[in-house]
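Structure record follows, encoded as structure tokens.
The values are calculated or read from the model by the stated rules, or taken from the named source; none is laboratory data. Predicted model, so just to flag it, every value in this text is computed and none were measured. Cβ placement follows ideal geometry from the backbone for every residue including glycine, while neighbour counts extend to all protein chains displayed. These accessible areas exclude ligands, DNA and RNA; they are computed on the full protein's heavy atoms, side chains included. Shrake-Rupley method; radii C 1.70, N 1.55, O 1.52, S 1.80 Å.
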Amino acid sequence: MTNQRPLTIAIPKGRVAKALSPLLERAGLGTKNLLADDRRLIRMSDAEDIRFLLLKPDDVPTYVEYGVADLGISGRDVLLERAYDLYQPLDLGVGKCKMVVAGPEGAVIGDRPRVATKFSRIATEHFARKGVQAEVIYVGGSVELSPLVGLSDVIVDIVESGATLRENNLHVMEEICDISSVLVANRSLYKLRHAEVAPLVARLARGVEEGAI
Ligand code: PRP
């Protein structure tokens with residue numbers, strides 16, 4: 001089955017796809033089709049040799065793990081939050097941001113803080129490492145709202161420019177880890193289709209190097 005379909009990369013759609021475009025271009029994967037403003041979820045590279053699947057960021061690892069995509073581009077936050085069995089051959093160095101604990105001015109982290117987050121596992125493990133048993137409350141988005149209205153004491157979330165925290169009068173209290181986009185690969189397909197996949201990974205690695213110059 002796998003040899004009948006073109007090499008396939010699962011890509012997070014929207015702003016991440018736009019941010020990835022210069023890197024994909026440097027790797028020789030033309031992105032005119034990829035960035036076209038329409039609703040198609042399957043698109044070919046401009047040279048028609050690589051197929052892109054456009055997905056919600058959280059779904060990328062699933063498509064790769066099940067082998068319907070050979071490669072995927074996923075945020076490290078998504079990979080840390082759930083345990084996937086994926087090979088991670090390359091950090092793409094784009095989409096750089098930080099996972100942090102943030103709260104209102106003067107907030108203190110007591111014995112049993114209430115923590116709102118979409119990243120329950122990352123938050124639970126972070127506080128457990130510090131010997132703090134946090135009450136973690138799952139919220140799916142706009143998490144900055146929760147300490148403002150008393151749902152939680154603090155939040156665990158991603159900070160990129162810092163604008164969302166600033167505009168909601170929240171401050172970084174602790175940094176948990178750096179986040180960036182990572183290339184992930186299906187372990188079996190990486191071996192089975194090595195002759196095709198390895199050169200593509202090498203092209204992406206060169207694209208990362210050229211971008212860093
Ligand atoms: C993400 C994140 C923060 C914001 C950080 O939210 O959860 O809210 O971006 O970016 P900044 O530091 O540049 O302001 P996203 O826009 O993905 O939406 P969400 O709130 O629905 O998760």
Could you pull out the residue among 12, 89 that is touching a Pro at 6+ places or on another chain (Cβ under 7 Å), not β-branched (Val, Ile, Thr) and not assigned by TED's automatic domain parsing to the domain that holds residue 159? 12
Going residue by residue through the stretch 63-74, is there one that turns out to be acidic (Asp, Glu), assigned by TED's automatic domain parsing to the domain that holds residue 198 and at pLDDT 95 or above? yes
Residue 130 passes all but one of the listed conditions (1) more than 13 Å from the ligand (Cβ to nearest atom); (2) buried (at least 16 other Cβ atoms within 10 Å of the Cβ); (3) outside the structural domain of residue 61 (by TED's automatic domain parsing); the exception is number (2)
Could you tell me which residue of the stretch 173-188 is most open to solvent (accessible area, probe 1.4 Å), considering only residues that are of a type in the set (A, V, I, L, M) and under 25 Å from residue 98 (Cβ atoms)? 173
Please give the strands (runs of 3 or more DSSP E) falling wholly within the stretch 21-121 in which 2 or more residues are open to solvent by less than 70 Å² (accessible area, probe 1.4 Å) and farther than 30 Å from residue 169 by Cα. 42-44, 50-55, 71-75, 87-91
For residue 191: the one exception among (1) over 19 Å from the mean Cα position of the chain (by Cα); (2) surrounded by fewer than 16 Cβ atoms within 10 Å (Cβ to Cβ); (3) not assigned by TED's automatic domain parsing to the domain that holds residue 91: (3)
Considering only helices (runs of 4 or more DSSP H) wholly within the stretch 145-213, the ones with at least 2 residues that are touching a residue at least 60 places away in the same chain (Cβ under 8 Å) are 187-192, 194-212
Suppose the filter is over 16 Å from residue 73 (Cβ atoms), within 12 Å of the ligand (Cβ to nearest atom) and not charged (D, E, K, R); does residue 150 pass it? no
Across (1) under 30 Å from residue 190 (Cβ atoms); (2) part of a strand (DSSP E or B); (3) within 16 Å of the ligand (Cβ to nearest atom), residue 137 clears everything bar (1)
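Taking residue 203, is it away from the ligand (no atom under 16 Å from the Cβ), open to solvent by 20 Å² or more (accessible area, probe 1.4 Å) and of a type in the set (D, E, K, R)? Reasoning before the result, please.
Details: away from the ligand (no atom under 16 Å from the Cβ): yes; open to solvent by 20 Å² or more (accessible area, probe 1.4 Å): yes; of a type in the set (D, E, K, R): yes.
Yes, satisfied.
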